[in-house]
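Trainee: One structure is given below, represented as structure tokens, and several questions about it will come after.
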Amino acid sequence: MRIELIRHGQTDWNRDGRLQGSSDIPLNDTGRAQAVETAAVLADQGLSAIVSSPLMRARETARIIAEILDIDLGASYDDLIERDYASLEGAVPTEQIPDEPDAAFPDIEPREAVTARGMRAIAEIRDTRMPLDGPDATVAAVCHGTIIRFVLSEILGEEIPHIHNAAINEIEWVDGAWRVLSVNGSPTAEVRA
């Protein structure tokens, strides 16, 4: 089974460099156009389903793709919600955000917790969709940049760069383990080079 992990389209907060996290911010017009472009890239992937985070920016991106590709919009998964930046949501960070809470970022969700949620979500998608769609199915899951980056990094065992809005990142379940096939639409080998 393959899962296309897709970051939602742009929002005004993305454009302005603000931390969104679990804040429920809608897509802007650029984000809607990006969703249309992503649907065109996915048109020949033979998607059996599209699912998402419940946050409106991810749900709307998924809905646009589903309508264009004429597939049903599937379930939303709470575990796919973006990292919680707590009191810093809406702020423009002036320094790199750490993996764990610290003096500058006292109440952010720890990386380990975000990664665990992401890994749970892809396992749940696999376990829910594989019996319905078969082991060769491809499912799109629209969610958020940080959770995608943490999941890909966990699978690869190395850090992955920033995930772009509306970018497709492909993983595959094979021989009892996940493999990363692409990051930001490029083959994993190119990302590692």
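The values are calculated or read from the model by the stated rules, or taken from the named source; none is laboratory data. Keep in mind the model is a prediction, meaning the values are calculated, not measured. Note that each Cβ is placed from the backbone with ideal geometry, even for glycine, and that neighbours are counted across all protein chains shown. Heads up: the accessible areas ignore ligands, DNA and RNA and are worked out on the full protein's heavy atoms, side chains in. Shrake-Rupley method; radii C 1.70, N 1.55, O 1.52, S 1.80 Å.
Trainee: What does the C-alpha gyration tensor say about the overall shape of the stretch 1-160? Classify as rounded when a/c is under 1.5, otherwise prolate if a/b is larger than b/c, or oblate.
Mentor: It is oblate, given that a/c is not under 1.5 and a/b is not larger than b/c.
Trainee: Hey, another quick one. Using a 1.4 Å probe and counting only protein heavy atoms, arrange 115, 94 so the residue with the most accessible area comes first.
Mentor: Listed by decreasing accessible area, they come as 94, 115.
Trainee: Now, a different point. Would you mind pulling out the separation of the Cα centroids of the stretch 1-62 and the stretch 137-159, in Å?
Mentor: 14 Å
Trainee: If you line up the long axis of helix 29-42 against the longest principal axis of the chain, both from Cα atoms, how many degrees apart are they, to the nearest 10?
Mentor: Computed tilt is about 30 degrees.
Trainee: Provide the solvent-accessible area of residue 73, counting protein heavy atoms only and rolling a 1.4 Å probe, rounded to the nearest 10 Å².
Mentor: 60 Å²
Trainee: Taking square-rooted eigenvalues a ≥ b ≥ c of the alpha carbon gyration tensor, is the stretch 57-132 rounded, prolate or oblate, where a/c under 1.5 means rounded and, failing that, a/b exceeding b/c means prolate?
Mentor: The shape class here is oblate.
Trainee: I'd like to check one number: the per residue accessible area of the stretch 38-127, probe 1.4 Å, reported in Å² as a whole number.
Mentor: 47 Å²
Trainee: Roughly how many percent of the accessible protein surface of the stretch 38-193 is carbon and sulfur, given a 1.4 Å probe and a whole-percent answer?
Mentor: Carbon with sulfur: 49 percent of the solvent-accessible area.
Trainee: Tell me which of 62, 86, 20 sits at the most positive position along the dipole axis of the stretch 1-124, charges placed on C-beta atoms (Lys, Arg +1; Asp, Glu -1).
Mentor: Sorting the options by dipole projection puts first 62.
Trainee: Pop a pseudo-label 7 angstrom from the Cα along the beta-carbon direction at both residue 116 and residue 44 and give the gap in nm to one decimal.
Mentor: 4.2 nm
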